[in-house]
Every structure is written in C-alpha cells, then in structure tokens.
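J.: First the structure, then my questions, so here it is.
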Amino acid sequence: MYYHQSWSKTFIRFALLVGASIAVGLYLGELLLVMLIFAGALLLYNYIHLYRLTKWLWHSRTMSPPSAPGIWHHIYEGIYFLQRRNRNKRKNLGELVKRFREGSEALPDAVVVIDKQARIMWCNRNARIELGLRWPDDNGRRIDNLIRHPRFIEFMESDDYQYPVEIPAPTNPHKTFEFRMMEYGEDQFLLIVRDVSRVSHLEEMRKDFVANVSHELKTPLTVINGYLEVLASSTEDAPPIVNKALSEMGTQTKRMQNLIEDLLVLSRIESSGERIFEKVIDMHAMLKQIQMEAAALNKEKHHEIIFKVDPDLKVFGVETEMRSACSNLIFNAIHYTPPKGKIEVIFKRRSNGAYFGVKDNGDGIDEKHLRRLTERFYRVDKARSRKTGGSGLGLSIVKHVLHHHNTLLEVESKVGKGSEFSFLLPAELVALEETD
Ligand code: ADP
C-alpha cells in the first residue's frame with residue numbers, strides 16, 4: 001500500500017473550502033464572522049480526529065484503524081501499515097531466535113552465550129545439566145563466578161581463545177570437558193563445552209601404555225646388552241661371523257635402548273605438570289655442557305661448531321626439558337651435516353623474548369617434509385636416519401618441550417644449503433638480571 005502525498009490536491013481542497021466560506025460570508029455580509037466560524041470548525045474537526053487517533057493508539061485493542069475521511073484516512077492507514085510491517089518483522093525475528101534456540105538445544109554440547117564481561121546471556125539445556133547453570137536465575141551472572149576451576153579462570157582471563165582448555169566437569173569430577181570459546185556478533189562469545197572424557201581417557205591409556213612398555217623393556221635390554229658386551233670381550237678366537245653377529249646385535253640393542261630412552265623422555269614431558277615459572281635455567285652453563293657433549297660427538301665429522309651464547313641471559317623453565325630440546329637440535333645438526341660442515345648455535349636476547357637457533361650448512365630438507373618433521377618417527381630419509389642411530393623422536397620431543405614453554409619450533413631449510421631450527425622463548429619467560 002502506498003499513499004502519494006499531493007500538495008496540489010491538498011491546496012485545491014483547502015482553497016475550495018476557504019473560497020466557499022468567503023462566498024457564504026459575502027452573501028451574508030458577515031465575512032469576518034463566517035471566516036472565524038470556518039476556522040474554528042476546521043480546528044475542532046482536526047482536534048476530534050487527533051483525539052480519536054490517540055485513543056486508538058493507546059487504548060484500543062483492535063489493530064485495524066477506525067474509519068476516517070480525507071487525509072485522516074491516509075494517516076490511519078499509514079500507521080496501520082507500519083504496525084503491520086513491524087509485527088511481521090518481529091515475527092520473523094522471533095522465528096529466527098526460536099530456530100537458533102531449537103538448533104542449540106539439539107546440539108550434543110553445552111552452549112552458553114556470554115558478553116564481553118563474561119556475563120551469561122543465554123544457555124541451552126545441556127549447559128544447565130552438565131555445567132549446573134540455572135536458567136533464568138543465572139542470567140547476567142559472570143560465568144567465571146559459577147565455574148571456579150583455576151584453569152578455566154586463567155583461560156577466561158587470558159583473552160586468547162585460540163586453543164580450547166580441558167578441565168574436570170563442574171558437576172562430575174570423573175568427566176573431562178573441553179571448553180572452547182568463539183567470538184560472534186558484537187562483543188558476544190559462544191562458549192561450547194564438549195564431553196571429551198572418552199578421548200582423554202584413551203589418551204591417558206596411550207600415554208600410560210607407552211610409558212609402561214618402555215619401562216618394562218628397559219631392564220631386559222640392559223641385561224642383553226650387558227651379556228653382549230661380556231661375550232664380545234671373550235670371543236676373540238671365535239669365527240668372524242660370530243664377532244660380526246655380536247657387534248651387530250650390540251649396535252641394534254643400543255638403538256633400542258636409545259629409542260626406549262627417548263620414548264620415556266617423551267612420555268615424561270607429555271604428562272609433565274611441572275610449572276615453567278618456578279625455576280630459572282642458567283642457559284649459559286647448560287649450553288656449555290652440551291657444547292662438550294657435541295665436541296665428543298663431532299670427533300669423526302670435524303665440523304666447525306660455533307657457540308654464540310649471551311652469558312647473562314637466563315630464562316624460566318624446566319631445565320631437563322630445555323636440555324633435551326637444545327641438545328636434540330644441536331646433535332641433529334651434527335648428524336645431518338656432511339663432514340667439515342659449519343654449525344652455529346645462537347642464544348641471545350631479542351626485544352620480544354630469548355632466541356635460540358641452530359644453523360647448519362648441511363643437507364637441508366625439502367619443503368614438502370617441513371610440516372611433518374615433528375611427527376613421531378617421521379624421517380626424511382629413513383635409511384640415513386637409522387645410520388645416525390636416531391630414534392625418530394628427537395623433533396617430537398623438541399615440539400613438546402616448546403609447547404610446554406609456550407612457544408613453537410621454527411624451521412627454515414633449503415636442500416643442499418642447510419637448515420636453521422629455532423624458537424623464541426616469550427618475553428615473560430626471560431628472567432630479569434638481579435641488580436645489586
Ligand atoms: P631422528 O632421530 O631420525 O634424527 P628427529 O625427529 O630428530 O629424528 O628428526 C626427524 C628428521 O628430520 C630426521 O630424520 C632428518 O631427516 C630431519 N632433520 C632433523 N634435523 C635436521 C638437520 N639439521 N638437517 C637436515 N635434516 C634434519
């Protein structure tokens with residue numbers, strides 16, 4: 001419906017009325033009086049309609065407008081049209097909200113909508129059951145006042161919702177929930193909580209299994225290795241095949257021992273609950289020791305190994321883990337660089353943290369392998385890696401250590417030119433020097 005407002009029509013109607021009143025006034029010889037009566041009547045007419053309009057708008061229960069003549073008809077129709085349009089819009093919006101709620105209720109996860117101040121705006125049925133939220137009683141309450149687990153509070157305060165957090169369920173400590181947060185709309189967040197008890201139970205089982213098997217294999221291997229060493233030293237007169245077999249058995253047992261040692265290190269790091277902010281690592285002293293071990297390993301290859309280490313730069317962290325990470329990177333550079341290569345180990349302060357890097361001019365790695373390097377047992381060249389005695393777990397250990405220390409491994413490499421493995425410990429892990 002559309003009403004076209006025409007000024008000419010309105011003016012003609014008004015002019016006709018005024019003309020008629022003038023004519024009557026002239027006819028009766030009372031022009032002024034007739035004009036006054038005419039103006040008064042017009043005013044009264046409009047007042048009556050204004051009154052009816054107010055009554056309809058505020059007191060009438062019916063949607064449809066009362067009938068009125070002339071311009072008032074169009075005013076009523078115009079308001080009626082707007083009301084109907086708004087009602088349809090409200091209905092559509094209501095439908096949309098209803099569909100969203102029904103969809104969220106059908107989800108197997110708990111869903112909570114919160115605002116920027118972490119105040120609950122809405123939650124679905126699963127959130128009420130699994131998180132113990134009460135609706136509508138908890139409407140407007142801060143979620144971190146209702147879920148009090150320290151890790152959840154830390155997660156909410158971090159403002160970094162890239163990674164989800166796993167904590168025991170608030171209503172059942174035997175269940176593990178994964179809390180994931182997503183920003184949507186204007187300053188609104190969707191908190192999605194999923195029951196990951198089964199996955200985390202399986203993950204625990206996997207870790208325990210690997211740790212137990214490795215531990216159980218350690219003793220028999222030590223015994224076998226011990227006997228092999230005794231046999232090797234007492235079979236000088238034996239046929240060469242026996243000596244060859246003993247030497248090969250010795251090498252393979254050593255490899256298995258290394259593998260088991262690495263598996264144990266990996267499971268220790270994976271399940272490590274050690275806090276990284278508690279102890280300061282004297283990186284200079286630690287790297288000095290690794291330098292000596294590297295020199296021993298470098299006896300055959302004669303690489304030029306240069307250590308550029310800031311002697312005053314100390315960091316917070318877990319020393320055993322950091323030692324594993326750094327030595328793995330340095331020893332890899334020794335292993336995968338052809339004899340007489342150049343290796344540079346750098347540990348220095350940067351404006352945004354502490355940088356550690358190992359650069360070599362060795363084989364380099366093709367780009368297609370870079371993404372998968374830190375996977376367990378992933379090797380670029382299997383035969384080559386076996387020859388070095390590597391377990392295939394070295395970079396996986398490095399990845400876990402760095403993850404525990406809130407950073408990531410960076411790899412830059414060009415085939416035939418060399419590689420650079422590095423990481424940047426965040427500024428908050430740099431221990432400030434004590435001033436006297
Ligand atoms: P491995 O025990 O086999 O050395 P890692 O996890 O330490 O296992 O390394 C995975 C693979 O990455 C290695 O097999 C090797 O191919 C490659 N690699 C690691 N460091 C270097 C390096 N400095 N230069 C070239 N290749 C490397």
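The values are calculated or read from the model by the stated rules, or taken from the named source; none is laboratory data. The model shown is predicted, which means the values in this text are computed figures rather than measured ones. Reconstructed Cβ throughout: ideal geometry from the backbone, glycine too, with neighbour counts over all protein chains shown. Ligands, DNA and RNA are stripped out before the accessible areas are found, and what is left, the full protein with its side chains, is counted by its heavy atoms. Shrake-Rupley method; radii C 1.70, N 1.55, O 1.52, S 1.80 Å.
J.: Residues in segment 198-220: is at least one over 28 Å from Asp262 (Cβ atoms) and surrounded by fewer than 11 Cβ atoms within 10 Å (Cβ to Cβ)?
T.: Yes, segment 198-220 contains a residue that is over 28 Å from Asp262 (Cβ atoms) and surrounded by fewer than 11 Cβ atoms within 10 Å (Cβ to Cβ).
J.: Something else: Could you say whether any residue in segment 326-344 is surrounded by fewer than 19 Cβ atoms within 10 Å (Cβ to Cβ), touching a residue at least 60 places away in the same chain (Cβ under 8 Å), of a type outside the set (A, V, I, L, M) and more than 6 Å from the ligand (Cβ to nearest atom)?
T.: no
J.: Which numbered condition trips up Phe423, out of (1) away from the ligand (no atom under 12 Å from the Cβ); (2) not in a strand (DSSP E or B)?
T.: (2)
J.: Tell me, which residue of segment 253-295 that is part of a helix (DSSP H, G or I), modelled with pLDDT under 95 and hydrophobic (A, V, I, L, M, F, W, C) is nearest to the ligand (Cβ to nearest atom)?
T.: The residue in question is Leu259.
J.: A further question follows. Could you check segment 152-181 and list, in sequence order, the residues that are part of a loop (DSSP other than H, G, I, E, B) and not acidic (Asp, Glu)?
T.: Within segment 152-181, Tyr161, Gln162, Tyr163, Pro164, Ala169, Pro170, Thr171, Asn172, Pro173, His174, Lys175 qualify.
Yes/no per residue for (1) farther than 29 Å from Trp135 by Cα; (2) hydrophobic (A, V, I, L, M, F, W, C):
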{"residue": "His74", "(1), (2)": "yes, no"}
{"residue": "Glu102", "(1), (2)": "no, no"}
{"residue": "Glu105", "(1), (2)": "no, no"}
{"residue": "Pro108", "(1), (2)": "no, no"}
{"residue": "Val113", "(1), (2)": "no, yes"}
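J.: Need pairs with beta-carbon distance below 7 Å; first residue assigned by TED's automatic domain parsing to the domain that holds Ile114 and of a type outside the set (Ser, Thr, Tyr) and within segment 127-140, second open to solvent by 10 Å² or more (accessible area, probe 1.4 Å) and in a helix (DSSP H, G or I); sequence gap 6+ or separate chains.
T.: What qualifies is Leu133/Leu146; Arg134/Arg128; Trp135/Arg128; Asp138/Leu146.
J.: Restricting attention to segment 387-409, and to residues there that are open to solvent by 60 Å² or more (accessible area, probe 1.4 Å) and in contact (Cβ under 8 Å) with a residue 24 or more places away in the chain, which single residue is farthest from the ligand (Cβ to nearest atom)?
T.: Among those that are open to solvent by 60 Å² or more (accessible area, probe 1.4 Å) and in contact (Cβ under 8 Å) with a residue 24 or more places away in the chain, it is Asn406.
J.: Then there's this: Is it true that Val430 is in contact with a Lys or Arg (Cβ under 8 Å, 6 or more places away or on another chain), more than 12 Å from the ligand (Cβ to nearest atom) and aliphatic (A, V, I, L, M)?
T.: For Val430, the condition - in contact with a Lys or Arg (Cβ under 8 Å, 6 or more places away or on another chain), more than 12 Å from the ligand (Cβ to nearest atom) and aliphatic (A, V, I, L, M) - is met.
J.: Working only within segment 345-364, note down all residues that are open to solvent by less than 40 Å² (accessible area, probe 1.4 Å) and more than 9 Å from the ligand (Cβ to nearest atom).
T.: Listed by number, the residues that qualify are Val345, Ile346, Phe347, Gly353, Ala354, Tyr355, Phe356, Gly357.
J.: What do you reckon, is Arg372 among the charged types (D, E, K, R) and either in contact with an Asp or Glu (Cβ under 6 Å, 6 or more places away or on another chain) or within 8 Å of the ligand (Cβ to nearest atom) (or both)?
T.: No.
J.: Just the residues that are out of contact with any strand residue (DSSP E or B) (no Cβ under 8 Å at 6 or more places or on another chain) and either assigned to a strand (DSSP E or B) or open to solvent by 30 Å² or more (accessible area, probe 1.4 Å) (or both), please, taken from segment 296-325.
T.: Once the filter is applied, which keeps residues that are out of contact with any strand residue (DSSP E or B) (no Cβ under 8 Å at 6 or more places or on another chain) and either assigned to a strand (DSSP E or B) or open to solvent by 30 Å² or more (accessible area, probe 1.4 Å) (or both), segment 296-325 yields Ala296, Leu297, Lys299, Glu300, Lys301, His302, Pro311, Asp312, Thr320, Arg323.
J.: Answer yes if at least one residue in segment 188-197 is open to solvent by less than 90 Å² (accessible area, probe 1.4 Å) and at pLDDT below 90, and no otherwise.
T.: No, there is no match, as no residue in segment 188-197 is open to solvent by less than 90 Å² (accessible area, probe 1.4 Å) and at pLDDT below 90.
J.: Hey, which of the helices (runs of 4 or more DSSP H) in segment 39-147, taking only ones fully inside, have at least 3 residues that are open to solvent by less than 60 Å² (accessible area, probe 1.4 Å)?
T.: It comes to 70-106, 125-130.
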